[in-house]
1. Modelling each spin label as a point 7 Å along the Cα-to-Cβ direction, I'd like the LEU303/ILE108 distance in nm, to one decimal.
2. Given labels modelled 7 Å from the Cα in the Cβ direction, how far is it in nm from LYS269 to ALA137?
3. Could you please report the charge total around VAL77, scoring K, R as +1 and D, E as -1 over all other residues with beta-carbon less than 14 angstrom from its beta-carbon?
4. What's the local net charge at VAL250, with K and R +1, D and E -1, over the other residues with C-beta under 11 Å away?
5. Rg to Rh ratio, the range 9-137, alpha-carbon atoms and Kirkwood radius?
6. Going down the list LYS84/LYS109; LYS109/LYS266; LYS84/LYS269, which pairs span over 22 Å between their C-alpha atoms?
7. Ranked highest first by the average count of other Cβ atoms within 10 Å around their residues, in what order do 15-26, 290-301, 264-275 fall?
8. Using DSSP to call loops (not H, G, I, E or B), can you name the GluC sites (Glu not before Pro) in the range 212-302 whose Cβ has at most 11 other Cβ atoms within 10 angstrom?
Amino acid sequence: MEIPFVVQPRPDTGVYNAKVGIWLFLASEVMLFGALFSSYILLRFGASPGSWPHGLLNIPIGTFNTAVLITSSVTVVLSWASLKMGNFGRYRVYQAITILCALSFLGIKSFEYRDKFSHYEVWLNAPITVKHGDKEAQTDRLLGHIEYNGTHPFFWNTQRLAGSAERKDSNGNVIAALAPVASFKLLPDPFHYTMTSKEMAHAKKEAAGHEHAEIEIKASDVKRLSAFVPAHSTYFAVYFTLTALHALHVLFGALVIFYIWGPGAKMWKTDPNRYINRVEISGLFWHFVDLVWIFLFPVLYLL
């Protein structure tokens with residue numbers, strides 16, 4: 001029995017079955033990301049003045065990733081157009097570029113994630129004087145990469161670093177004792193996270209060409225320490241939620257495109273019209289993934 005409307009359009013909708021299905025699926029995706037973006041807007045405008053981080057993401061890398069995804073959208077269209085003209089070889093080339101762009105995007109994003117987990121913010125009990133080039137400033141918050149003196153800390157976020165910690169079993173017996181970190185060295189960045197984007201750019205320009213000072217801080221002087229992980233702040237919780245969810249869409253979208261491009265390409269010889277429809281459907285999903293990033297980039301990186 002042949003399934004109707006897998007190639008020919010339905011009389012009630014004017015499109016074939018798979019396109020009806022993908023549009024319904026994308027409608028649910030719009031509701032998912034719409035709810036997340038709405039939550040972000042409410043959290044962003046509900047934050048107290050000066051408390052929302054700025055300038056902690058790498059804008060050049062984000063811009064490059066945006067260009068990568070836009071390029072992949074173009075190659076998806078060109079691959080589908082090539083099939084419509086019966087040029088299977090050109091289709092394979094364009095879709096290979098799409099897959100490479102997807103892998104490049106994920107690789108760059110993983111590099112960004114790694115940097116966030118190795119970058120720290122330190123809140124101090126009292127302000128200290130820091131020097132950037134020829135200028136000095138007082139601050140109670142520092143940003144930078146940390147070089148620990150002694151045992152690597154057993155915490156990501158703590159209210160106090162001083163003191164030792166014991167790990168006990170259910171009977172109260174000590175099974176591990178971790179010594180406190182007496183001090184650590186911080187290679188600070190030349191800016192404070194409450195700056196506006198313009199102030200951030202000016203601070204980076206002023207610090208250009210100057211070596212970052214190395215500051216040694218006693219653990220007892222630290223109020224709180226955190227890498228740029230979700231527990232750091234609401235901003236990074238939103239950042240990781242939205243970008244990780246989007247990265248999953250990129251990954252699974254790329255897997256579908258790869259399957260159609262590789263193992264599933266046999267259908268081109270047996271049922272070319274249906275194969276073209278499959279390429280079109282995967283392309284529609286890919287365009288949606290790109291569109292989501294077009295909104296994510298300015299919201300998270302630029303605002």
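Laboratory data are not the source of any read-out in this text; all were calculated from the coordinates shown. Remember, it's a predicted structure, so these values are computed and weren't measured experimentally. Ideal geometry is used to build each Cβ from the backbone, glycine not excepted, and the neighbour counts take in all protein chains shown.
1. Reported label-point gap for LEU303 and ILE108 is 2.2 nm.
2. So the two model labels end up 6.6 nm from each other.
3. It works out to a net charge of 0.
4. With Lys, Arg at +1 and Asp, Glu at -1, the neighbours total 0.
5. Reported Rg/Rh (Cα atoms, Kirkwood Rh): 1.16.
6. Violating the 22 Å limit, Cα to Cα: LYS84/LYS109; LYS109/LYS266.
7. 290-301, 15-26, 264-275
8. Loop-located and lightly packed - GLU214.
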